[in-house]
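Reviewing the structure listed below.
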Amino acid sequence: MMTKMGRAAITEWKDIPMELLLRIVSLVDDHRTIIMASQVCIGWREAISLGLTHLCLSWCKNNMSNLVISLAPKLQNLQSLVLRQDKPQLEDIAVETIARHCHDLQDLDLSKSFKLTDRSLYALAHGCPNLVKLNISGCTSFSDHGIEYLTGFCRKLKILNLCGCVGAATDLALQAIGRNCNQLQSLNLGWCENVGDVGVMSLAYGCPDLRTLDLCGCVCITDDSVIALANRCPHLTSLGLYYCQNITDRAMYSLVHSQGKKKKPSTSMWESIKARKGEEGLKSLNISQCTALTPSAVQALCDCFPALHTCSGRHSLVMSGCLNLTSVHCACAVQAHRSLPYVPHHHAH
């Protein structure tokens, strides 16, 4: 390679200026290539380490822990790290190394890390207090005490995925989240069967900015949870209640009533315009297998939230497994029915 940068001629790859190298690295999507490039020479390694803020190591099929341990000390500006795995290989010592060196980390994906224990959560609590997004779905070895400890330090969390973390997602953990994480906007508690009304109510009272909540498979919750969410979380747009068979019409009517309160005269014209455009209120609801619900309550909900669709291709109101709700239709379906051309019946003589 022979080119000129200003007055200096670049005769070897290692002579590329740091600014140009960082620009090249920013255009490369394949993180394997970036890691290989960092092995060219000390200058490249230092430049790449300095400039790398986002890294995905999900492609690593073996020895992920060793790779993380070797890379983390060089990645002190890292903000986003994806360590999602197909087979469990990540160990606590790797997460502890991340926490020791990557203090600016904001987004961390550790999903399916079955080998990790509360040691990792303790390390993250102390080393990565700026975490905004954390995915530990499927990490079955974490406990609720670990979550309680983590949230005591990581108070900036906005997105938290605990799907399948049966031992970690309990009422104790949710009480801690409600107490410590008042900026939380999205929480996935799918199939966490130890979650109850006490936990969800604590969440509703402590996290007023909650927008997305997945409670699918949380079989212990009742109407009290939904009522608390309806009353205390005005920005809620997505709610998953699949297989929550204790949910009744009371819960549906509480959501309708809460929206009615929000439709009082707004303080500004802009707020009223936003409300009319449907930018507030439920846009996604899963009530599949909630067999206690009746058509009248769900229809009232559908009428109240025009963004909830039952029509083909736009299923944002999911009701599979509820044969008693087949008569419920969204505004689109009703409008389509009305617009059908009139076909007169011909009576046989």
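Couple of notes before you dig in:
- Exposure rank, largest accessible area first [Met319, Met201; 1.4 Å]: Met201, Met319
- Taking the Cα centre of segment 112-252 as origin and assigning +1 to Lys and Arg Cβ atoms and -1 to Asp and Glu Cβ atoms, the resulting dipole is close to 620 debye.
- Signed unit charges on C-beta, dipole axis of segment 139-262, positive-most listed residue Cys139, Cys192, Cys154: Cys154
- The per residue volume of the convex hull around the alpha-carbon atoms of segment 106-245 is 79 Å³.
- Under 5 Å, built H, 5+ apart or other chain: amide partners of Cys165: Gly138
- Solvent exposure of His54, expressed as accessible area, is near 100 Å², computed with a probe of 1.4 Å over the protein chains only.
- Between the alpha-carbon centres of segment 83-133 and segment 155-198 there is a gap of 17 Å.
- Segment 164-249: proportion of alpha-carbon pairs further apart than 16 angstrom, %: 43
- Vicinal HN-Hα couplings computed from phi for segment 283-300 (Karplus, 6.51 cos²θ - 1.76 cosθ + 1.60; Hz; Gly/Pro x): 10, 8, 8, 10, 10, 4, 6, 8, 6, 7, 6, 10, x, 5, 5, 5, 5, 4
- Coordinate range along principal axes, alpha carbons of segment 201-241, Å, largest first: 24, 17, 13
- With protein chains left intact and a 1.4 Å probe, residues in segment 119-159 average 39 Å² of accessible area per residue.
The values are calculated or read from the model by the stated rules, or taken from the named source; none is laboratory data. What you see is a predicted model, and the numbers here were worked out from it, not measured in a lab. Glycine also receives a Cβ, built like all others from the backbone with ideal geometry; neighbour counts cover every protein chain displayed. Note: areas computed on protein heavy atoms with side chains; ligands, DNA, RNA excluded. Shrake-Rupley method; radii C 1.70, N 1.55, O 1.52, S 1.80 Å.
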